[in-house]
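Data block below; observations after.
Every number here is computed from the coordinates shown, using simple stated rules; none is lab data. The structure displayed is predicted, hence computed values, not measured ones. Here the Cβ is made from the backbone with ideal geometry for all residues, glycine too, and neighbour counts use every protein chain on show.
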Amino acid sequence: MNGAVGILSREFDPTAVLAEPLPPILGGREVNGVNEEEKGNGRRQIVLGRNVHTSCLEVTEPDADDELTGDKDAHMAGVLARYRKTLMERTKHHLGYPYNLDFDYGALAQLQHFSINNLGDPFIESNYGVHSRQFEVGVLDWFARLWEIEKTEYWGYITNCGTEGNLHGILVGREVLPDGILYASRESHYSIFKAARMYRMECVKVGTLVSGEIDCAHLKAKLLENKDKPAIINVNIGTTVKGAVDDLDFVIQTLEETGFTRDRFYIHCDGALFGLMMPFVKRAPKVSFKKPIGSVSVSGHKFVGCPMPCGVQITRLEHINALSRNVEYLASRDATIMGSRNGHAPIFLWYTLNKKGYKGFQKEVQKCLRNAHYLKDCLRWAGISAMLNELSSTVVFERPLDQEFVRRWQLACEGNIAHVVVMPNVTMEKLDVFLSELMEKRSVWYGEGREDPPCVAGEIGHENCCCGCGGLHK
Ligand SMILES: *Cc1c(COP(=O)(O)O)cnc(C)c1O
């Protein structure tokens, strides 16, 4: 992006400004409400009820003569220039979260001056005229075609994030099957369990395979235990930590085998992570409304690459009538989770879908999978435990020993494992820099006589673990 920030560079040369340093990790002291423990490799412990404000940028009252002196404007411009520099540096060293940071929306900068709001239903014009519904519906049609549902049969909207898509999908499921039990694998995103709490639904956690996929044998057992209640099932099209893709066809088969007829189950597909990657991977189970699924959601700021959080949720029109209410004040229908909705997001999505097209996404998917294999192979050659699921660009490996390295590369960690999600902006060159830094650090962490790297056989399988345990200890 250049457009809007270009205004700044007329007066300020951001390259001449130092980036804000990363806030320090202080042993035993709190940074941003988080107690940094020295023990446990500096892993963070969050102390509830103690918010700390150390790195806060204070809002100050304007002085009476600010208009004349311009001091305040100069100060604020300086803060923004430094912030921009930090963003550039942090963008360069980002590997852990599945965000595609590679895009150029310069052409859309002209729209920043408008308060674009698509409140209400995308398909019903509200009285508020500064909206972008025409873009929104265009984007929704594109996704409907991708997931094989007729224009006349789907309903959907552009959400604020993948979580909102999940909250909506589960809600539709519950409205269609009010006494249904929610089934989700234990490696599902936390938003699924949040939905269960919010809607006070009975929720059954289903076990997973080492790959992170839902264990259909366990699902079957749980379904049989609860045969008297309908089933609302969350299927992961890419789990957050291991990038595992649940086998949608096998889940449907399991439902059939246990005697659940189509009117007694509802499937929501959480495609936040890979929803837009799987259609372009040959061997992947296809997400399609030709199968008995109820809804699919995807995040717009992940693989697609949007500069603000957003997402897409698509469901069947027949279901939405169970959920919606007319609202006279809006002159619209209320079927969304949020009221006001970001009207800029659909334009960003529309822009990037137009630019890239199916072919462009396919190329990017191939590049990501290739680079992910490269990273996994390099790690293994170097004797570092690592796993990469077949349909995934998420490389799971041993958690780096020190927190500073984790923070430098913004890795996501869970227990003894960390991951890198290879997105289109993660090039081989970037991976090489990361790998060489990791090797160098490891020789310090695990040099002669020091501790051993962690055993991760329990998390990623002994065939992927290089600690020498041979899978004996877990
Ligand atoms: C990221 C993610 C979500 C949530 O998406 P947000 O856009 O961050 O709200 C949900 N499910 C999975 C599998 C994810 O990876």
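Structural remarks
- Alpha-carbon Rg/Rh ratio, for the chain, with Rh computed the Kirkwood way: 0.98
- When only Cα pairs below 8 angstrom with a gap of at least 6 residues are kept, the chain shows a relative contact order of 18 percent.
- Selected from Asn118, Val251, Gly357, residue furthest toward positive end of dipole (the chain; charges at beta carbon): Val251
- CD proxy at 222 nm, helix term only [per DSSP H run n ≥ 4: -39500 (n - 2.57); per residue of the chain; nearest 500]: -10500 deg cm²/dmol
- Considering only the chain, percent of DSSP beta bridges that pair antiparallel, nearest 5: 65
- Longest site-free stretch - the chain; sites: GluC sites (Glu not before Pro), DSSP loop, at most 15 other Cβ within 10 Å: 203-327
- Nearest-20 debye value, the chain charge dipole, Cβ charges on Lys, Arg, Asp, Glu: 1200
- Summed residue charge, Cβ within 14 Å of His301's Cβ, Lys/Arg positive, Asp/Glu negative: -1
- Summed side-chain charge close to Val422 - residues other than Val422 whose Cβ falls under 10 Å, Lys, Arg +1, Asp, Glu -1: +4
- Phi-derived couplings, Karplus 6.51 cos²θ - 1.76 cosθ + 1.60 at θ = phi - 60°, listed residue by residue for segment 230-241: x, 10, 10, 10, 9, 10, 8, 9, x, 7, 4, 8 Hz, with x used for Gly and Pro.
- Per-residue ³J(HN,Hα) for segment 422-430, Karplus 6.51 cos²θ - 1.76 cosθ + 1.60, θ = phi - 60°, Hz, x for Gly and Pro: 7, 9, x, 7, 8, 8, 4, 4, 5
- Cβ-based charge dipole, segment 250-328, positive-most Cα from His268, Gln313, Phe280: Phe280
- Amide H to amide H, with H built 1.01 Å from N, Ile417 comes under 5 Å of Arg399, counting only residues 5 or more places away or on other chains.
- Residues with amide H under 5 Å from that of His189, placed H, sequence gap 5 or more: Thr240
- Using the average count of surrounding beta-carbon atoms within 10 Å as a protection proxy, the listed peptides 345-352, 190-197 rank, highest first, as 345-352, 190-197.
- Counting Lys and Arg as +1 and Asp and Glu as -1 over every other residue whose Cβ lies under 14 Å from the Cβ of Lys356, the net charge comes to +1.
- Mean Cβ neighbour count within 10 Å, used as a protection proxy, ranking 98-106, 417-425 highest first: 417-425, 98-106
- Per-residue HN-Hα couplings for segment 380-390 [Karplus 6.51, -1.76, 1.60; θ = phi - 60°; Hz; x = Gly/Pro]: 5, 4, 7, x, 9, 4, 7, 9, 9, 5, 4
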